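Student: Provided herewith is a single structure, encoded as structure tokens, for subsequent inquiry.
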Amino acid sequence: MSYFEKIKNLPLAKDPIIMGIETSCDETAVAIVKNGREVLADEIISSATEHARFGGVVPEIASRTHTTAILTATERALKSANLSLNDIDAFAVTEGAGLLGALLVGVSFAKALAFSTGKPLVPVSHIRGHISASYIADKKLEPPFITILASGGHTAIIAVDDYYNLKVLGSTLDDAVGEAFDKVARVLGLNYPGGPNVERLAREGENVIKLPKMLKNYDGGDYDFSYSGLKTAVINYVHNQQSKGVEINKADVASSFQHSAIDVLVDKAFKAVKECGYKTLAVSGGVGANGYLREALEKRAKKENVYLVLPEKRYCTDNGAMIGAEGYLQYQRRNFADLTLNAKAVVPLK
């Protein structure tokens with residue numbers, strides 16, 4: 001009898017304990033989550049300092065680091081939760097989207113764990129994982145709600161109609177907001193990772209430089225985004241000032257860029273809440289850790305009487321807990337994979 005034949009009809013655990021494995025980029029993350037909401041352990045080993053020397057993530061370095069770090073992260077998680085592999089009811093792993101080589105490390109490792117223990121292997125979308133971080137932030141949260149998905153690879157406004165059905169109201173037509181932060185950081189001479197460094201510099205500056213607010217129909221009913229023009233406007237401003245021999249105020253550039261990049265996210269998110277008739281707004285993705293975004297959302301939510309779910313910054317960036325939380329939902333649906341599961345560099349937003 002094959003592995004899949006053995007596990008496909010296994011009875012579901014009453015209070016399932018899911019191990020979430022995340023290796024889509026430069027964090028090797030392993031977490032253990034009970035019932036999709038309670039984090040029993042959460043370990044992250046980052047290779048960001050290695051990539052900083054090159055100004056961005058180097059896929060080969062990320063993959064090699066995952067290979068050497070994943071066993072350590074797993075052992076730490078089990079020790080922290082005071083559990084053994086036999087106590088785990090299923091192994092959830094990010095199958096995509098992300099760096100293909102990096103994803104393959106996690107997928108291969110999860111396959112080995114699932115096969116050796118005879119437990120289900122649960123494939124998880126990295127995007128859905130980010131959204132499920134909100135269930136960890138608020139253990140009583142239930143759909144429907146609107147979520148802002150804002151990361152280095154994605155920017156979208158999504159209606160979470162129920163635990164399994166997502167409706168993408170709008171997304172970026174080119175660069176993602178996190179990608180724009182990284183590119184602006186580079187032109188300002190800031191180190192990787194760009195997002196946090198732009199945010200820190202912006203605190204010292206003022207929003208005094210006129211920059212585009214993206215799409216012409218920004219005030220219309222459209223929920224799409226475009227960050228390419230904003231990024232180019234910043235680059236052109238910096239280069240034009242430098243060509244004139246004018247010393248630029250980098251803090252003002254960072255602050256002005258951050259306002260232009262974030263304000264539109266806030267406006268469109270609250271417009272979606274109102275137009276969809278929902279009362280809850282959640283934030284997902286790495287840019288959700290941005291302090292200006294969090295402050296702007298809190299002020300607006302208070303003003304408009306909207307319930308706001310802001311995951312801890314740790315759960316906005318890549319982590320295993322969000323994969324465990326989404327893995328729980330897929331486990332309940334018996335979305336089990338066989339050992340042919342492969343990594344995917346791209347997965348649909350839905």
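The values are calculated or read from the model by the stated rules, or taken from the named source; none is laboratory data. Everything numeric in this text was worked out from a predicted model, so none of it was measured. As a convention, Cβ positions derive from the backbone with ideal geometry for all residues, glycine included, and neighbour counts pool all protein chains shown. Note: areas computed on protein heavy atoms with side chains; ligands, DNA, RNA excluded. Shrake-Rupley method; radii C 1.70, N 1.55, O 1.52, S 1.80 Å.
Student: Using the per-residue mean of other Cβ atoms lying within 10 Å as a proxy for protection, in what order, highest first, do the peptides 300-310, 16-26, 268-278 fall?
Tutor: 16-26, 268-278, 300-310
Student: Please report, in debye to the nearest 20, how large the charge dipole of region 41-194 is about its Cα centre when each Lys and Arg carries +1 at its beta carbon and each Asp and Glu carries -1 there.
Tutor: The calculation lands at about 240 debye.
Student: Sorted by mean Cβ packing within 10 Å, highest first, what order do the peptides 198-204, 233-239 take?
Tutor: 198-204, 233-239
Student: For region 307-344 and region 15-60, what is the separation of their C-alpha centers, rounded to whole Å?
Tutor: For region 307-344 versus region 15-60, the Cα centre distance is 11 Å.
Student: Taking a probe of 1.4 Å, how large is the accessible area per residue of the chain, in Å²?
Tutor: 44
Student: Taking 25 Å as the cut-off for C-alpha to C-alpha distance, list the pairs among Lys14/Lys111; Lys8/Lys139; Lys210/Lys350; Lys213/Lys299 that go past it.
Tutor: From Lys14/Lys111; Lys8/Lys139; Lys210/Lys350; Lys213/Lys299, over 25 Å: Lys8/Lys139; Lys210/Lys350.
Student: Now for a separate question. If you take the alpha carbon radius of gyration of region 68-174 and divide it by 2.2 N^0.38 Å, what ratio comes out, to two decimals?
Tutor: Against the compact-globule rule of thumb, the ratio is 1.24.
Student: Also, I was wondering about something else. For region 1-158, what is the convex hull volume of the alpha-carbon atoms per residue, in Å³?
Tutor: 126
Student: Roughly how many whole Å is it from the C-alpha centroid of region 77-131 to that of region 265-297?
Tutor: 30
Student: Ignoring ligands and nucleic acids, what accessible area does Asp267 show with a 1.4 Å probe (Å², nearest 10)?
Tutor: That residue has around 50 Å² of solvent-accessible surface.
Student: Ignoring any ligand, DNA or RNA, what whole percent of the accessible area of region 149-308 comes from carbon and sulfur when the probe is 1.4 angstrom?
Tutor: 46
Student: Here is a further query. Per-residue ellipticity at 222 nm for the chain, helices alone: DSSP H runs ≥ 4 residues times -39500 (n - 2.57), over residue total, nearest 500 deg cm²/dmol?
Tutor: Estimated from H runs of four or more residues: -14000 deg cm²/dmol.
Student: Suppose every Lys and Arg Cβ carries +1 and every Asp and Glu Cβ carries -1, with no other charges. What dipole size does the chain come out with about its Cα centre, to the nearest 20 debye?
Tutor: Here the chain has a charge dipole of around 320 debye.
Student: How far apart, in nm, are two points set 7 Å out from the Cα along the Cα-to-Cβ line at Glu206 and at Asp15?
Tutor: Taking the simple label geometry, Glu206 and Asp15 are separated by 5.7 nm.
Student: Taking every pair of Cα atoms in region 109-224, average 1/r, invert it to obtain the Kirkwood radius, and report Rg/Rh to two decimals.
Tutor: Result for region 109-224 is an Rg/Rh of 1.08.
Student: Work out the length of the dipole vector of region 117-182 about its Cα centre, built from +1 on the beta-carbon of each Lys and Arg and -1 on the beta-carbon of each Asp and Glu, and round it to the nearest 20 debye.
Tutor: In debye, rounded to 20, region 117-182 gives about 400.
Student: Right, something else. Just round it to a whole percent: the fraction of Cα-Cα distances in region 225-281 exceeding 19 Å.
Tutor: The calculated P(r) of region 225-281 puts 46 percent of pairs beyond 19 Å.
Student: Using a probe of 1.4 angstrom, how much of the accessible area of region 1-91 is carbon and sulfur, in percent?
Tutor: 50
Student: Cβ under 15 Å from Leu83's Cβ, Leu83 left aside: what net charge do those residues give with Lys, Arg +1 and Asp, Glu -1?
Tutor: -3
Student: Top mean-square fluctuation among Gly178, Gly56, Gly189, Gaussian network model of the chain, C-alpha springs under 10 Å?
Tutor: Comparing Gly178, Gly56, Gly189 in the GNM, the peak value goes to Gly189.
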